[in-house]
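First up is the structure itself, then whatever we jot down about it.
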Amino acid sequence: CGQSHLTHMVLHGIRPPILNGPMHPRPLVALLDGRDCTIEMPILKDVATVAFCDAQSTQEIHEKVLNEAVGALLYHTITLSRDDLDKFKGLRVIVRIGSGFDNVDIKAAAELGIAVCNVPASSVEETADTSMCLILNLYRRVTWMHQALREGTRASSVEQIREVAGGAARIRGETLGIIGLGRVGQAVALRAKAFGFGVIFYDPYLPDGVETCSSTPTVSLSTAASTSTTITSSTTSPSNRCVRVPSWLWLRP
């Protein structure tokens, strides 16, 4: 009876339940791309068998993983289309180790009964730190000075430094415009304020009142473009639609 029930489920495109316990082997979970699983391993090691595929496509994934994996972890270097998802015979959940899931066909996954999850807070602090470093470099010209030093250019006087670091500017009092005040945008705003930037933001997806809670003024896209001395955006692909090509015509010279 149990076997016929499973056969009925398979014939109707329903994935069978995960069996785990003394009578069944531990479920197989696969890290599809990369080999960094340091955070996940302490959680999984006692409840599942973990396979490291280090693949760039499903053609590189072992047949055992395609047939038996019930869970898949992936970064951004592998793409799972409908055809790719069809190759997995028992997959029940996909976890994207990151904030987006553009590399997974979520519609096809839903139709196949595969849950797709992501980690929205992944690397928020690191991304904000890097964004702030790039912004600071634009003002203080650290890269230009470093290159001049490597090339043996001497810049000891104020005039020489000004020539080598052409375009260097004072930070305090400048205006940073943030397009999309999500997790990364908020983290960048905190850092920018500490350096003396005045911060404004544009985000059509946030409810009214966020500007009061964050002490960051909200403005229109045209105002953000025309009044900001620097603009930063860490939005996902759908959110990028709020910035169209004509928006750049409003930028300050």
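Read the figures in this text as sums done on the coordinates, not as results from a lab. Everything numeric here is computed off the predicted structure, so don't read it as measured data. Glycine gets a Cβ as well: all are built from the backbone with ideal geometry, and neighbour counts include every protein chain shown.
How do 218-230, 36-48, 54-66 rank on mean C-beta neighbours within 10 Å, highest first?
Numbers: 218-230: 17.4, 36-48: 12.1, 54-66: 15.0.
In decreasing order of mean packing, 218-230, 36-48, 54-66 become 218-230, 54-66, 36-48.
Looking at segment 150-239, which GluC sites (Glu not before Pro) are in a loop (DSSP not H, G, I, E or B) and have at most 15 other Cβ atoms within 10 Å?
On the way: sites: Glu151, Glu159, Glu163, Glu174, Glu211; in loops: Glu151, Glu174.
Qualifying residues, ordered by number: Glu151.
Over segment 124-250, Cα pairs under 8 Å with separation of 6+ residues give a relative contact order of 25 percent.
Among rounded, prolate and oblate, which fits segment 124-250 when a ≥ b ≥ c are the square roots of the eigenvalues of its C-alpha gyration tensor, a/c under 1.5 means rounded, and a/b larger than b/c means prolate? Intermediate results must be reported in sequence, preceding the final value.
Details: a/c = 2.24, a/b = 2.13, b/c = 1.05.
Prolate, because a/c is 1.5 or more and a/b exceeds b/c.
Hey, with R₀ at 41 Å, roughly what FRET efficiency would Asp46 and Leu149 work out to, going by the Cβ-Cβ distance, to 0.05? E(calc), rounded to 0.05, equals 0.20. Model label sites at Thr212 and His76, defined 7 Å from Cα along the beta-carbon direction, differ in position by 3.6 nm.
If each residue of separation counts as 0.36 nm, what is the full-extension length gain between Asp54 and Arg162 once their alpha-carbon separation is subtracted? Let's see the in-between values first.
Values: separation 108, 0.36 × 108 = 38.88 nm, distance 4.81 nm.
The span from Asp54 to Arg162 would gain 34.1 nm if fully extended.
According to the square roots a ≥ b ≥ c of the eigenvalues of the Cα gyration tensor, what is the shape class of segment 38-78, taking rounded for a/c under 1.5, prolate for a/b larger than b/c otherwise, and oblate for the remainder? Because a/c hits 1.5 or more and a/b fails to exceed b/c, segment 38-78 counts as oblate.
Using a Förster distance of 41 angstrom, determine the FRET efficiency expected from the C-beta separation of Lys193 and Ile106, and round it to 0.05. Taking R0 as 41 Å, the efficiency between Lys193 and Ile106 is 0.70. Given R0 = 25 Å, the distance between the Cβ atoms of Asp86 and Glu126 translates into a calculated FRET efficiency of 0.10.
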